[in-house]
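Colleague: The following block contains the structure, expressed as structure tokens.
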Amino acid sequence: MPTPTSNGHASRLQIQEPRTMSPLPPSSSPIAFKEQQGRPPPTAHQTIAGKLFRNLFKGLLFSQLTLISLLVIVLTIRGLISASSHHFHPKKWYPPLLASVAVSGVASLAWQCIFIYNPSRAVRATFWLSPILTCSVGILLVLIGSAVDAGIGSVFVLFAITQSLYGCWITTRFEYTDKILSLATAFPPARTREVVCLSITVSLVYSGFLLTGIGGATSTRTSLDLLFISVILISLACTMQVLKNVQQVAISRARYVNFAHGEEMDAWDAFRITMKHLVGSICIGSTLVPIVVFIRGSIRSVNLMSGSSDEVMYSGADCFSSIANKLITLGNRWGFVHVGTYDKGFVEASSDTWNKFRSTSGLEKLIDSDLTSSFCFLSAVSVGAVSSLTAGIWMLLIHKDYALEVTLYAFMIGYFVGRVALAWVQACVLAYYVAYSEDPHSVRFDGTIPHRIQRLQMLSAHRDNRELEMGREREEDTYNNC
């Protein structure tokens with residue numbers, strides 16, 4: 001992305017420009033491996049099974065891309081041939097969707113420009129704009145008229161309300177989020193813009209290509225065609241996830257080199273190395289991370305609802321917490337930094353990075369409450385909503401029968417394009433945290449993280465004391481009543 005010339009928080013708190021570094025052993029600087037060998041240094045503990053799994057997942061990725069491409073081509077040709085014999089109108093179905101794809105690309109680029117110009121306002125705007133746009137999509141679906149449309153529209157409205165409540169709950173974290181985003185993204189690696197633009201372009205072209213196959217299947221609309229559409233949408237989600245994480249690994253590698261060693265690394269070189277050597281590990285991570293996030297999020301929700309008033313519920317919540325703590329070491333997005341930098345297997349990289357977080361007092365809790373992932377998620381939801389409103393309103397005016405499916409397709413595509421577009425932001429923050437955990441006392445880091453950890457520890461101690469006092473008051477009330 002364009003390198004910002006000024007940044008409010010970064011200019012006051014920290015400068016991440018290249019600096020002259022003290023001599024380091026050759027093995028301690030990952031950039032040396034990039035220059036000497038053209039790939040990250042392989043770890044000594046790579047097993048045959050690990051290499052087998054990496055090659056297996058890499059093979060699965062390219063196999064599904066090939067098979068899906070053939071399926072899309074066949075469905076597109078069949079759809080064009082049979083369009084005249086069915087009640088399907090390609091000239092009415094394709095333009096709204098293809099226009100929404102283009103809108104998602106423009107919206108993603110525009111949102112990044114807003115973020116680069118003023119990260120603080122971009123963060124706050126995301127948390128109030130996303131619920132409004134999501135609610136608008138829900139209202140649009142309700143206006144279509146059928147019971148199914150109204151039901152799905154109600155889900156969108158409920159999702160918007162949930163976003164609003166979440167935004168109110170995390171308001172106190174905005175100041176720290178502004179600072180950490182400003183510090184991590186103040187000076188992106190050289191040629192980051194080229195990597196991001198290429199990723200967005202690929203995501204747009206691939207999405208448009210898959211839409212032709214979905215349109216071909218929609219033209220006949222048999223039970224088998226519904227299965228084909230489902231397979232194409234799953235392929236879209238998986239491929240976009242991998243594309244996002246490829247960019248994340250490449251840019252976090254280049255950013256980590258700067259944070260940890262004060263050296264500069266070209267983002268395009270990191271991207272090339274990532275595509276050549278690390279796709280297998282990225283595919284494994286792209287599979288594990290969503291599963292772990294979903295399970296861990298469900299466990300945390302159960303813990304919040306259980307409270308601590310019932311002993312059985314409390315013991316169950318404690319058991320669930322142990323499971324969640326174990327799962328996070330098997331697969332987390334911070335592991336992508338070590339995948340790119342040291343060519344580790346994804347599970348090993350996830351375990352090493354999380355154990356580093358745990359070795360620094362208060363850092364694990366701080367990272368657990370980080371809002372970067374929420375910011376990127378809601379930004380992508382906003383892009384998806386803009387895209388779906390474009391296609392949905394257009395289709396509602398010209399062909400109401402297809403309004404629901406076209407709106408949902410546009411939302412999915414817009415969401416995934418938005419995630420790909422903002423992967424570089426999350427990559428910079430991941431690299432910042434991982435580099436800090438490995439050397440918290442480095443002169444390249446200011447007091448932002450230590451001050452936040454101290455603040456969280458004070459709030460936690462205050463909360464514990466309050467709960468203790470409330471417990472004593474309940475015991476006294478019980479005793480007096482007896």
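The values are calculated or read from the model by the stated rules, or taken from the named source; none is laboratory data. Values in this document were obtained by computation on a predicted structure and should not be read as measured data. Ideal geometry is used to build each Cβ from the backbone, glycine not excepted, and the neighbour counts take in all protein chains shown. Accessible surface is based on the protein model in full, side chains and every heavy atom, while ligands, DNA and RNA are left aside. Shrake-Rupley method; radii C 1.70, N 1.55, O 1.52, S 1.80 Å.
Colleague: Is the range 78-227 rounded, prolate or oblate when judged by the Cα gyration tensor, a ≥ b ≥ c being the square roots of its eigenvalues, rounded requiring a/c under 1.5 and prolate requiring a/b larger than b/c?
Modeller: Oblate.
Colleague: Still on this structure: For the pair Ile393 and Ser369, how long in nm is the line joining their label points, each one 7 Å along Cα→Cβ?
Modeller: Distance between the two pseudo-spin positions: 4.0 nm.
Colleague: Okay, next question. Using the Cα centre of the range 186-291 as origin and beta-carbon charges of +1 (Lys, Arg) and -1 (Asp, Glu), tell me which of Phe259, Leu236, Ser199 is placed farthest towards the positive end of the dipole.
Modeller: Leu236
Colleague: Provide the FRET efficiency to the nearest 0.05 for the Ile132-Ser301 pair, computing r from the beta carbons and using R0 = 30 Å.
Modeller: 0.75
Colleague: With all protein chains present and a 1.4 Å probe, how do Tyr94, Tyr402 order by accessible area, largest first?
Modeller: Final ranking, largest accessible area leading: Tyr94, Tyr402.
Colleague: Using the Karplus equation 6.51 cos²θ - 1.76 cosθ + 1.60 (θ = phi - 60°), what ³J(HN,Hα) coupling, rounded to whole Hz, does each residue of the range 425-434 give in order, writing x for Gly and Pro?
Modeller: Per residue, the Karplus-derived 3J(HN,Hα) values read 5, 5, 4, 5, 5, 4, 4, 4, 5, 5 Hz.
Colleague: Something else: Go through Leu143, Leu397, Leu71 and list them by solvent-accessible area, largest first, probe radius 1.4 Å.
Modeller: Order by accessible area, largest first: Leu397, Leu143, Leu71.
Colleague: For the range 100-169, just say rounded, prolate or oblate: build the C-alpha gyration tensor, square-root its eigenvalues into a ≥ b ≥ c, call rounded for a/c under 1.5, and beyond that prolate if a/b exceeds b/c, oblate if not.
Modeller: Judged from the Cα gyration tensor, the range 100-169 comes out oblate (a/c at least 1.5, b/c at or above a/b).
Colleague: What figure, in Å² to the nearest 10, do you get for the accessible area of Cys168 with a 1.4 Å probe and non-protein molecules left out?
Modeller: 100 Å²
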